[in-house]
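To keep things clear, I will list the structure first and then write my remarks on it.
The values are calculated or read from the model by the stated rules, or taken from the named source; none is laboratory data. In this text, all values refer to a predicted model and were calculated from it rather than measured experimentally. As a convention, Cβ positions derive from the backbone with ideal geometry for all residues, glycine included, and neighbour counts pool all protein chains shown.
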Amino acid sequence: MIKIRLVLSFVAISMLVISSPASAHSSVTLDPAGDITATTPPYYDILKAKIHATGDETGAHEAIVFSMKLATPIPQLSSATFFAANWLLDTNTARVGPEYNVIVRWCTTVTHPRCKSGPAHWEGALNDFAAGGIQTYVSTFAVDGDAVTLWLDPERIGSVGQFDWMGATRSRGAQPIPEDDTDPASFRR
C-alpha cells in the first residue's frame, strides 16, 4: 500500500511539473576575485554575471535582465572617470563577433564621445554591431553598490530565443581589452 501511494505521489508531481508553464532559464558565470591588474580599482573586478528572462508564459511584460556583481561597491566617481559594465551578445553564430553590446556606464562626452551630453552621469545603452554600430539608449537600469542591473525588451535584440554571451568591465570607451571579463556562456529563454 505504501509503494502504491509513493508511485501515485510521484506520478502526480510529475504531471504537475509537465503541465506547468515553461519557465525562463538563467545563465550565470562566476569569475574569480582578484583577476585584474594590481593598478585596476577593485570595482572593475567581476565576481558574477547573469542573464535571465522575466514575464509569463504568454510573453507579457517580458524583459531580459542583465546583472553583474562586482568585488567592491562602485564609489562616487569623478567626472574624469569612465566605468562600463558590458554584456556582449552573439545572437548569430554565422556572423563573426558579437551582434550586440548591452551597457551600463558612467560617462561624459569627454570620457566617451557616444555618451549623452551633460555632466557625468549613469546611462544604459545598446550597441547594434550588425546594424553598423547603431546605439540606442536604455532607460531601465540600476547601479546599487556592487550590483549593476539592466532590463531590456527582447525585441531590441530581435527576440532571439538563445544566444552566447560574455560579461566585461571597461575603464575607457571602446577599450579593446577590458579590465575584466567572464568566460563565455549561453542563454536560452
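Here are some notes:
- Filtering the stretch 74-123 to residues that are within 23 Å of ILE51 (Cβ to Cβ), among the aliphatic types (A, V, I, L, M) and assigned to a loop (DSSP other than H, G, I, E, B) leaves ILE74, ALA94, VAL96.
- Selection count, the stretch 22-54, where residues are modelled with pLDDT of 95 or more and in a loop (DSSP other than H, G, I, E, B): 12
- Some residue of the stretch 176-185 being out of contact with any strand residue (DSSP E or B) (no Cβ under 7 Å at 6 or more places or on another chain) and among the small types (Gly, Ala, Ser): no
- Filter result (modelled with pLDDT of 95 or more, surrounded by 12 or more Cβ atoms within 10 Å (Cβ to Cβ) and in contact with an Asp or Glu (Cβ under 8 Å, 6 or more places away or on another chain)) within the stretch 117-134: ASP128, PHE129
- Selection over the stretch 130-173 of residues that are assigned to a strand (DSSP E or B), free of Cβ contacts under 8 Å to residues at least 40 places away in the same chain, out of contact with any Pro (no Cβ under 9 Å at 6 or more places or on another chain) and farther than 14 Å from ASN101 by Cα gives a count of 3.
- As a summary of the residue check, MET68 satisfies the conditions (1) under 19 Å from PRO178 (Cβ atoms); (2) at pLDDT below 95 except for the one numbered (2).
- Yes/no for SER139 being at pLDDT 95 or above, of a type in the set (Ser, Thr, Tyr) and within 18 Å of the chain's Cα centre (by Cα): yes
- Checking the stretch 55-65 against the condition returns no match, with no residue being surrounded by 13 or more Cβ atoms within 10 Å (Cβ to Cβ), at pLDDT 95 or above and either among the charged types (D, E, K, R) or outside any strand (DSSP E or B) (or both).
- Condition check for PRO178: of a type outside the set (D, E, K, R), exposed (fewer than 12 other Cβ atoms within 10 Å of the Cβ) and either within 18 Å of SER27 (Cβ to Cβ) or out of contact with any helix residue (DSSP H, G or I) (no Cβ under 7 Å at 6 or more places or on another chain) (or both): no
- Boolean, THR149 is more than 13 Å from the chain's Cα centre (by Cα) and crowded, with 16+ Cβ neighbours inside 10 Å: no
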